[in-house]
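A.B. asks: Questions regarding the structure given below will be posed in turn.
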Amino acid sequence: MRLTDPELVDEQAPVGVELVVADARGKDREVARVVQRDPGGLAHEFSVDGSPPARRGGGCPEPKGAGQATPSPGGAAGAALFGVSCTSGSSCLAVGTTFNGAGSPAGLFSEQWDGASWHLTAAPMPAGSANSFFAGVACTSPSSCTAVGARTDSAGNPIGTLAEQWNGSSWSIQSTPNPAPGGVLAGVSCTSAVACTAAGNLNQTAHAGTTTLVERWNGTNWAIQPTPRLSAGQGSFFNGVACQAGACTAVGLYLTNSGPLTLAERWTGARWLIQATPNPGAAFDLDPPAVACPSVSACRYVGGYTNNGPKLTLAEQWNGSGQTALPAGSRSAAPGGAPSACLRTVLPAPLQGWRRAPAAPPLSPAALPSAPAASRTARRLAGLPGPRD
């Protein structure tokens, strides 16, 4: 459909409604602008052909991005890349997973960027596992990378942690601890070739939900680092980790019986401690987050949440204070041990420590839907990549 006025914008467009306006200027190419209003009332414009919209008031156009051709593994029903790490503009390594016709993980692969093109590289499958998947990767040099994920059964369910090391030319499987009932490593961060931290979760059982899991590489072996346990609800899991100079921050979600809460834990050099984190008001569901720490005293947590409208972005920042903010009576517990923290309410946003970054206000709690809380998040408990819902 083509409209004659390329400057048409509906100033009354409600939240989540998109208006498409077409313009036939330039080489007979139809350029469509998409206008979407956020909860704050601001209009955001995008172009569906990949080029930036013309700026009003004589502003400069935004730079145009370009896609890169990537090879795909042959013989697979599908494939996706789930993590990438770069040590320079001409050296990147991405890791991914192939999928079978049922949408379950079927194999492992990686792709190298040499500054000009991507090159496909095979990765070995663990013996005794029907399938496996990669979830993240971290490189400290072109010849030193660590990828993590999980071994799976024939149905694609994770049954054990997985780590592989890249030496610049090939992958090799590393032995990782796999306490019952098995689990997944969802993210990894390395500060050197002999110092990596991976975070994820152990699987749920008939008597308990998922529990957070952290494993540490010292250059010789992977070993579990105990993390605090949260006893109530459906469980907890980590989805990402970032380390700087021996200090690490892992982020994920704590799934209470009344809905998900943000979760951040800090490695102090001796133990993991839960940090108080703010939660968006009126959040019906939270998406698994990611984290980056540009310095020892600064971290950013990003994700998204849903209330009774469209998904909204979420960002929180940590200013280097409050790393010992731990619920009263909590302490670290060994994997498989009894829960030692009973966190049943939303942790308040601390005066120092994690703060929620400015964003559009959430919608009214009175308008929340009546569907079960954490419905979407519960399907993400195991950290299994696959078709997006």
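Taken together, the values in this text are just the output of simple stated rules run on the coordinates, not laboratory data. Bear in mind that the values here come from a model prediction, so they are computed numbers and not experimental data. Please note: Cβ atoms are built from the backbone with ideal geometry, for glycine as well, and neighbour counts cover all protein chains shown.
A.B. asks: Quick one: order 85, 154 by neighbouring beta-carbon count within 10 Å, fewest to most.
C.D. replies: Starting with the residue having the fewest Cβ neighbours, the order is 154, 85.
A.B. asks: Peptides 301-309, 180-188: what's the order by average Cβ count within 10 Å, highest mean first?
C.D. replies: With the highest mean Cβ count within 10 Å placed first, the list reads 180-188, 301-309.
A.B. asks: Is the shape of the stretch 85-156 rounded, prolate or oblate, going by the alpha carbon gyration tensor and its root eigenvalues a ≥ b ≥ c, with a/c under 1.5 for rounded and a/b larger than b/c for prolate?
C.D. replies: Note, shape of the stretch 85-156 comes out prolate.
A.B. asks: Could you list 82, 237, 109 so that the one with the fewest beta carbons within 10 Å of its beta carbon is first and the one with the most is last?
C.D. replies: 82, 109, 237
A.B. asks: Arranged from highest to lowest average of other beta-carbon atoms within 10 Å per residue, in what order do the peptides 158-164, 110-116, 277-283, 71-77 appear?
C.D. replies: Descending mean neighbour count gives 158-164, 277-283, 110-116, 71-77.
A.B. asks: Rounded to whole Hz and in sequence order, give me ³J(HN,Hα) for the stretch 293-305 from the Karplus expression 6.51 cos²θ - 1.76 cosθ + 1.60, θ = phi - 60°, writing x for Gly and Pro.
C.D. replies: 3J(HN,Hα) across the stretch 293-305, in whole Hz: 10, x, 8, 4, 10, 8, 9, 10, 10, 10, x, x, 8.
A.B. asks: Between the stretch 241-295 and the stretch 122-196, how far is it from one alpha carbon centroid to the other, in angstrom?
C.D. replies: 22
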